[in-house]
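The structure under discussion appears below in the form of structure tokens.
The values are calculated or read from the model by the stated rules, or taken from the named source; none is laboratory data. Computed from a predicted structure; not experimentally measured. Positions of Cβ are generated from backbone atoms using ideal geometry, with glycine treated the same way; all protein chains shown enter the neighbour counts. The area values use the complete protein model at the heavy-atom level, side chains included, leaving out ligands, DNA and RNA. Shrake-Rupley method; radii C 1.70, N 1.55, O 1.52, S 1.80 Å.
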Amino acid sequence: MQELSRSDIQCILDLSEQFIELNRQDNKKLRDLQGRTQINLFFENSTRTRTSFELAGKRLGADTINMSVEASSTKKGETLIDTAMTLNAMHPDVLVVRHPDSGAVALLSQKVDCAVVNGGDGQHEHPTQALLDALTIRRRLNRLEGLTVAIAGDVMHSRVARSNIYLLNTMGARVRVIAPPTLLPSGIERLGVEAFTDMRRGLRDVDVVMMLRLQRERMQGSFLPSVREYYHFYGLDHEKLSHAKPDALIMHPGPMNRGVEIDTEVADDIHRSVIREQVEMGVAVRMAVLRLLVAGGGNGNGGDA
Ligand code: NCD
């Protein structure tokens, strides 16, 4: 996301719009990627992102297969390159890769001949998540430019936060991050955000509230006194939400921990929560990305999108 321009982003979002309608029809099948091979190579657990990419590929007519690889902690680099070379020899047209290490997907993309899509690399980036979030916001509020978006929670460990910061800044939105001091990366302001440690202050008059999961699997050591205390200060409930604009959107990339970072009633608020819409937009955005990289007349080596 860091490398994409405003017009790149606009182009992907515009193309995604076309697929939303298709995905709501009985017949969802196109032939844009017919004869092409897509491999989803996941070194880290995933339910929604993998399913979303798989559906996206299949709806475009590609032959899609899934590979889950347990990343060995000792031989990661070697395993990664070996796996890439092995798959490369089978002539795939696109690899969708998720890996627990930041930078691993970019490294892999240098070793293969086909397009590579970043499905999430460590704490670094998760570009298609930011794109689907942008599409969701744009459809609800008709724009991105000039909006104020608060990203709240475990910013430290979040690739979702980073990709959203890049995208929203590129599109002219104002970005705030809200987190306990232990989960706020030092120097985050350099990414062009305003940082807060108080939810009520950070949420004041925002148009969009994006909550993040507490990523305990990425925490080495103790970042929080207790989950209860975290919920008390940082969990999104109706009272904290009342500081945002009255019609502010509520978002969450999932998987959601109800009662940890978000109150269950807020998550299910049919007027303001767009969490399920985000999932729907995910398939459309991934179809757009795959179409542009694989069938879009590119040079076949699209780098990591
Ligand atoms: C996110 C991820 O894996 O980075 N989930 C997702 O892709 N929908 C966020 C998370 O795991 O909390």
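Selection of the stretch 142-192 for residues being touching a strand residue (DSSP E or B) at 6+ places or on another chain (Cβ under 6 Å) and among the β-branched types (Val, Ile, Thr) yields 148, 149, 151, 155, 165, 175, 177, 178, 188. Could you go through the stretch 222-230 and let me know if any residue there is among the hydroxyl-bearing types (Ser, Thr, Tyr), at pLDDT below 95 and exposed (fewer than 15 other Cβ atoms within 10 Å of the Cβ). Checked against the condition, which is being among the hydroxyl-bearing types (Ser, Thr, Tyr), at pLDDT below 95 and exposed (fewer than 15 other Cβ atoms within 10 Å of the Cβ), the stretch 222-230 yields at least one hit.
Yes/no per residue for (1) out of contact with any Leu (no Cβ under 6 Å at 6 or more places or on another chain); (2) open to solvent by 20 Å² or more (accessible area, probe 1.4 Å); (3) at pLDDT 95 or above:
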residue: 162; (1), (2), (3): yes, yes, yes
residue: 166; (1), (2), (3): yes, yes, yes
residue: 171; (1), (2), (3): no, no, yes
residue: 176; (1), (2), (3): yes, yes, yes
residue: 181; (1), (2), (3): yes, yes, yes
residue: 190; (1), (2), (3): yes, yes, yes
residue: 210; (1), (2), (3): yes, no, yes
residue: 218; (1), (2), (3): yes, yes, no
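Do we have residue 26 as modelled with pLDDT of 95 or more, surrounded by 15 or more Cβ atoms within 10 Å (Cβ to Cβ) and part of a loop (DSSP other than H, G, I, E, B) here? For residue 26, the condition - modelled with pLDDT of 95 or more, surrounded by 15 or more Cβ atoms within 10 Å (Cβ to Cβ) and part of a loop (DSSP other than H, G, I, E, B) - is not met. Residue 63: acidic (Asp, Glu), over 18 Å from residue 110 (Cα atoms), touching a residue at least 24 places away in the same chain (Cβ under 8 Å) and open to solvent by 80 Å² or more (accessible area, probe 1.4 Å), yes or no? So residue 63 fits the description; yes. Here residue 82 passes the criteria (1) open to solvent by 10 Å² or more (accessible area, probe 1.4 Å); (2) within 14 Å of the ligand (Cβ to nearest atom) except the one numbered (2). Of all residues in the stretch 40-55, those that are among the aromatic types (Phe, Trp, Tyr) have Cβ atoms under 8 Å from Cβ atoms of residues that are open to solvent by 10 Å² or more (accessible area, probe 1.4 Å) and within 8 Å of the ligand (Cβ to nearest atom), 6 or more apart or on another chain, in 42/98; 43/98. So, in the stretch 192-206, how many residues would count as being surrounded by 18 or more Cβ atoms within 10 Å (Cβ to Cβ) and either out of contact with any Gly (no Cβ under 9 Å at 6 or more places or on another chain) or within 20 Å of residue 159 (Cα to Cα) (or both)? Total meeting the criteria: 6. Residues in the stretch 140-160 that are part of a helix (DSSP H, G or I) and open to solvent by 40 Å² or more (accessible area, probe 1.4 Å) were compared, and the one that is farthest from the ligand (Cβ to nearest atom) is 141. Output yes when any residue across the stretch 124-139 is away from the ligand (no atom under 16 Å from the Cβ) and either open to solvent by 40 Å² or more (accessible area, probe 1.4 Å) or under 17 Å from residue 45 (Cα atoms) (or both), and no when none is. So far as the stretch 124-139 goes, yes, one or more of its residues are away from the ligand (no atom under 16 Å from the Cβ) and either open to solvent by 40 Å² or more (accessible area, probe 1.4 Å) or under 17 Å from residue 45 (Cα atoms) (or both).
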